[in-house]
Amino acid sequence: MPTRPPKTVIISGGTGGMGRATALERLSRGDHVTVIGSDEARGRALLERAANPRLRFVRADLSSIAEVTRVVADISGRHESIDALALFANRLSPARRQTADGLEYTFALYYLSRYLLGHRLAPLLDAAPNPVIVNVAGVGTTAGRIFWEDPQLTRGYGQVRAQLQAGRANDLLGVAFAGRAGSRARYVLYHPGFTRSGTDAHPNPLVRGSIKLLARLFARPVADAVRPIAGWIDEPPADALSAVDRGRPVDRSLRTLDPGDAARLAAYTEDLLRGR
């Protein structure tokens, strides 16, 4: 039987939870994996756990446009092509935080970093024989919306509101990216559901304890949640855009996947990035 050539896989938010599990799974298949994360200690722990020369850790605060630019330059200087880009980076922020770029933190990390990585690494993805982007967010969920009048949530910020807006923005990101003329990369929007991943993220210890208890009782094991991701990296879907909510295909007519809104958000994002 012929041996499958190793793939080059880039993972944002890959030092914990589903991102970490995906990194270890790809290494077990012989792939070259670059993990991007903000926590140096967790990155070093992953390197020690894997003990594999095919794994690289790049420390970066992906809420910063300059940091994403640096990461893209680093990856572009090391690779001629990328087979898979898996996007996991996200973090809860109970109070509104503003990044050095003047952007709301959740918007910058959860949505904009994914936009930037996908678009700026597109030439390397297009150089691969069968590339795929897997964006792990909340597709299929219809709660939340883009606050077109105030996307940076300068008024009435709430943690849940910010998370839901960024989740809906990622839905639209997938729609817009898949509609790009000439792009060879398949785009997968994936909602794994309640998973035993990221249960240490909440800063309030009481809330964190409650989340951990609920996760033990009701959440899916991380290994089950990442299994479809492994399949998409091995064999990307034929369609330019796939949307899967907890194992079920998502109706593409959902208002959260509206092509007009996707174009509107893309235009807003491009204007936001102009000159940066």
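The values are calculated or read from the model by the stated rules, or taken from the named source; none is laboratory data. Just so it is clear, the structure is predicted and the values come from calculations on it, not from any experiment. In this analysis, Cβ positions are derived from the backbone assuming ideal geometry, glycine residues included, and neighbour counts consider all displayed protein chains.
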Handout entry: Checklist (1) surrounded by fewer than 20 Cβ atoms within 10 Å (Cβ to Cβ); (2) touching a strand residue (DSSP E or B) at 6+ places or on another chain (Cβ under 8 Å); (3) hydrophobic (A, V, I, L, M, F, W, C) applied to Val72, failing item
Key = (2)
Fill in the blank from the handout: Only one of (1) over 21 Å from Ala73 (Cα atoms); (2) more than 19 Å from the chain's Cα centre (by Cα) does not apply to Gly17, and that is (2)
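Let me confirm something: among Asp239, Asp224, which residue is surrounded by 13 or more Cβ atoms within 10 Å (Cβ to Cβ), charged (D, E, K, R) and either in a loop (DSSP other than H, G, I, E, B) or at pLDDT 90 or above (or both)? Steps first, answer last, please.
Numbers: Asp239 fails: surrounded by 13 or more Cβ atoms within 10 Å (Cβ to Cβ).
The match here is Asp224.
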Practice task
Would you be able to say whether some residue in the stretch 37-52 is surrounded by 20 or more Cβ atoms within 10 Å (Cβ to Cβ), charged (D, E, K, R) and either assigned to a helix (DSSP H, G or I) or over 18 Å from the mean Cα position of the chain (by Cα) (or both)?
Solution key: no
Exercise for the section: Determine the pairs where a residue that is closer than 10 Å to Val33 by Cβ, located within the stretch 6-20, has a partner that is of a type in the set (Phe, Trp, Tyr) and modelled with pLDDT of 95 or more with Cβ atoms under 8 Å apart, the partner being 6 or more residues away or on another chain. Expected result: Ile11/Phe88; Gly14/Phe88
Fill in the blank from the handout: Taking the stretch 1-36 and the residues there that are surrounded by 24 or more Cβ atoms within 10 Å (Cβ to Cβ) and of a type in the set (D, E, K, R), the one that is nearest to Pro221 (Cα to Cα) would be Arg20
Problem - Test result for Pro129, surrounded by fewer than 23 Cβ atoms within 10 Å (Cβ to Cβ), modelled with pLDDT of 95 or more and out of contact with any strand residue (DSSP E or B) (no Cβ under 9 Å at 6 or more places or on another chain) - result: yes
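Here is a yes/no grid of residues against (1) surrounded by fewer than 17 Cβ atoms within 10 Å (Cβ to Cβ); (2) without any contact (Cβ under 8 Å) to a residue 40 or more places away in the chain; (3) closer than 14 Å to Phe88 by Cα; (4) of a type in the set (Phe, Trp, Tyr):
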residue	(1), (2), (3), (4)
Leu153	no, no, no, no
Gly156	yes, yes, no, no
Val160	yes, yes, no, no
Gln163	no, no, yes, no
Ala166	no, no, yes, no
Val175	no, no, no, no
Ala181	yes, yes, no, no
Val188	no, no, yes, no
Gly193	yes, no, yes, no
